[in-house]
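**Q** The following block contains the structure, expressed as structure tokens.
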Amino acid sequence: MEWLSLPWRAARMQVMTSERIEVQRTIQADPAAIFAILRDPRGHVVIDSSGMLQSADGAPVTAVGDSFVVHMDRESLNDYPELGRYDVTVSISAYQPDREIAWTIIGQIRPQIGHVYGYRLEPVPGGTLVTSYYDWSQIHPQWREAGIFPVISEAALRATLGILARTVAGAQADPAAH
């Protein structure tokens with residue numbers, strides 16, 4: 001039963017608490033190739049499984065404090081149609097090249113929400129173990145009381161990892177494509 005091998009099980013581990021979701025997948029690429037997509041604003045749009053991210057403006061990030069703008073369309077989730085199209089600023093809160101990147105979202109609503117998205121990368125035989133996480137443990141109490149979290153599901157995080165794997169494979173096959 002080779003399909004029950006350790007890499008198969010390890011690639012599908014998940015963690016979900018009442019305030020954090022983590023999913024993992026082994027991607028057949030080195031951390032630098034994956035990180036190149038994750039630090040690029042266009043890469044965020046390309047791998048988004050929710051359909052909310054429409055386009056992005058800005059240069060690839062290089063440090064904590066860097067930011068870029070993402071043009072959003074909340075209609076994709078069909079949860080708050082009155083939001084329609086809007087822009088948010090992605091503000092980098094953790095940055096270790098080829099190891100981890102995380103960000104918060106700065107929007108027009110007040111108070112700011114305070115949720116964090118991120119990726120951790122760990123070299124493993126055959127590629128990189130990528131952990132995608134979504135943490136709303138530090139959100140503003142007003143948003144906690146609203147009971148709207150998580151906005152993105154575990155399934156959406158897992159789907160984004162699948163798109164990331166496909167995207168990095170395509171970028172390795174055609175370096176000019178990304």
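**Q** Where does each of 82, 100 land when they are ranked from fewest to most other beta-carbon atoms within 10 angstrom?
**A** Details: 82 6, 100 18.
Least to most surrounded, the residues fall as 82, 100.
**Q** Mind sorting out which of [x] 1.03; [y] 1.17; [z] 1.57 is the real Cα Rg over 2.2 N^0.38 Å computed from the coordinates?
**A** Given [x] 1.03; [y] 1.17; [z] 1.57, the calculated one carries the label [x].
**Q** Where does the chain land at 222 nm, in deg cm²/dmol rounded to the nearest 500, when only DSSP H runs of n ≥ 4 count, each adding -39500 (n - 2.57), divided by all residues? Spell out each step's value before the answer.
**A** Values: 5 runs with 46 residues, N = 178.
The per-residue figure over the chain is -7500 deg cm²/dmol.
**Q** May I ask which residue of 31, 126, 164 lies farthest towards the positive end of the charge dipole of the chain, with charges of +1 (Lys, Arg) and -1 (Asp, Glu) on Cβ and the Cα centre as origin?
**A** Ranked along the dipole, the leading option is 126.
**Q** Still on this structure, I have one more. Lys and Arg at +1, Asp and Glu at -1: add these up for the other residues within a Cβ distance under 13 Å of residue 41 and post the number. Mind dumping the intermediate values first?
**A** Details: positive: 39, 42; negative: 40, 48, 57, 66, 87.
The answer is -3.
**Q** Build a GNM of the chain with springs between Cα atoms under 10 Å: which of 111, 123, 60 gets the top mean-square fluctuation?
**A** Of 111, 123, 60, the most mobile in the Gaussian network model is 111.
**Q** So, one more: What is the chain's relative contact order, in percent, from Cα pairs under 8 angstrom and six or more apart in sequence? It would help to have the intermediate numbers written out before the result.
**A** Working: 334 pairs, mean separation 42.2, N = 178.
RCO, the chain: 24 percent.
**Q** Quick check for me: using +1 on Lys/Arg Cβ and -1 on Asp/Glu Cβ, what's the dipole size of the chain about its Cα centre, in debye to the nearest 20? List each step's numbers first, then the result.
**A** Values: 14 positive and 20 negative charges, 49 e Å.
So the magnitude is around 240 debye.
**Q** Please give me the summed charge of the neighbours of residue 19: other residues whose Cβ is under 11 Å from its Cβ, Lys and Arg +1, Asp and Glu -1.
**A** Working: positive: 20, 144; negative: 135.
Spelling it out: positives minus negatives among the neighbours equals +1.
Taken together, the values in this text are just the output of simple stated rules run on the coordinates, not laboratory data. It should be emphasised that the depicted structure is a prediction, and the values quoted were computed from it without experimental measurement. A quick note on method: Cβ atoms are made from the backbone with ideal geometry, for glycine too, and the neighbour counts reach across all protein chains shown.
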